[in-house]
Amino acid sequence: MSEEETGSTIPIELMIQNLFYISTNNIQSRTLSAYVMDATGTLSINPQFSYAGTNWTSRVPGLVGRGDFAYPIRNTQTNGDSMTFTISKASAMFVYSVVTFNEGQFSVIFTPPPELGQPVTTVYDANSHWVAFDRLFFWAASMDRDKDYTVKITNLGTDANPWFTFSHVDILDAISIGPASTSLSGMSIWC
């Protein structure tokens, strides 16, 4: 097939000159816990999370379950109580907590920057016949690490399943290290 038959060629080099090479060596992870510890070892509520409502409780140091297992949590049994946080420098994020017999439904509003789309609301249920820690409640990926995203989680629990419990957010940040190092000069793609 000749260039005349297809109309044009696009050198691969032009297609990749603005792309960035990302490898597993460039992925950084961090965790945002419900609590932070100061230099003296005192735990306090992490200021990155904003809580609205009247019934948020703190479990410092977070002893739940058997009583000998430290799992820091904040929780509420009031329908409508919410928590909000903003994530930046993130390519993906994962929200964790517990599932158990008295946990209920909750909604997540994930708000990207306006130029990337509209907010998305999803309802989930944390009710379970068994107690399980470190359960993934919500995740988002393919995030633009140079943008800010807002997450609002609202307790929708009622009656026998009134609780919403929060533990932590894990963040993956895929850092670009510069232009791709592979040169494909002279190669073309036929269009």
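The values are calculated or read from the model by the stated rules, or taken from the named source; none is laboratory data. From a predicted model like this one, the values you see are computed outputs, not experimental measurements. Backbone-built Cβ (ideal geometry, glycine too); neighbour counts: all protein chains shown.
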> Can you name every residue in the range 83-94 that is among the polar types (S, T, N, Q) and either surrounded by 17 or more Cβ atoms within 10 Å (Cβ to Cβ) or in a loop (DSSP other than H, G, I, E, B) (or both)?
Replying inline: 88, 91
> Checking residue 183 against (1) of a type outside the set (Asp, Glu); (2) farther than 30 Å from residue 134 by Cα; (3) at pLDDT 50 or above, which test does it fail?
Replying inline: (3)
> Which one is surrounded by the most Cβ atoms within 10 Å (Cβ to Cβ), of the residues in the range 12-63 that are part of a loop (DSSP other than H, G, I, E, B) and modelled with pLDDT under 55?
Replying inline: 62
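Which of the residues spanning the range 120-150 are under 20 Å from residue 58 (Cα atoms), of a type outside the set (D, E, K, R) and out of contact with any Asp or Glu (no Cβ under 9 Å at 6 or more places or on another chain)? Steps first, answer last, please.
We begin by selecting, within the range 120-150, every residue under 20 Å from residue 58 (Cα atoms); these are 126, 131-135, 137.
If we keep only those that are of a type outside the set (D, E, K, R) too, we end up with 126, 131-133, 137.
Once the filter is applied, which keeps residues that are under 20 Å from residue 58 (Cα atoms), of a type outside the set (D, E, K, R) and out of contact with any Asp or Glu (no Cβ under 9 Å at 6 or more places or on another chain), the range 120-150 yields 131, 132, 133, 137.
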>> Among the residues of the range 141-153, what is the count of those that are closer than 23 Å to residue 165 by Cα and modelled with pLDDT under 95?
In response: 1
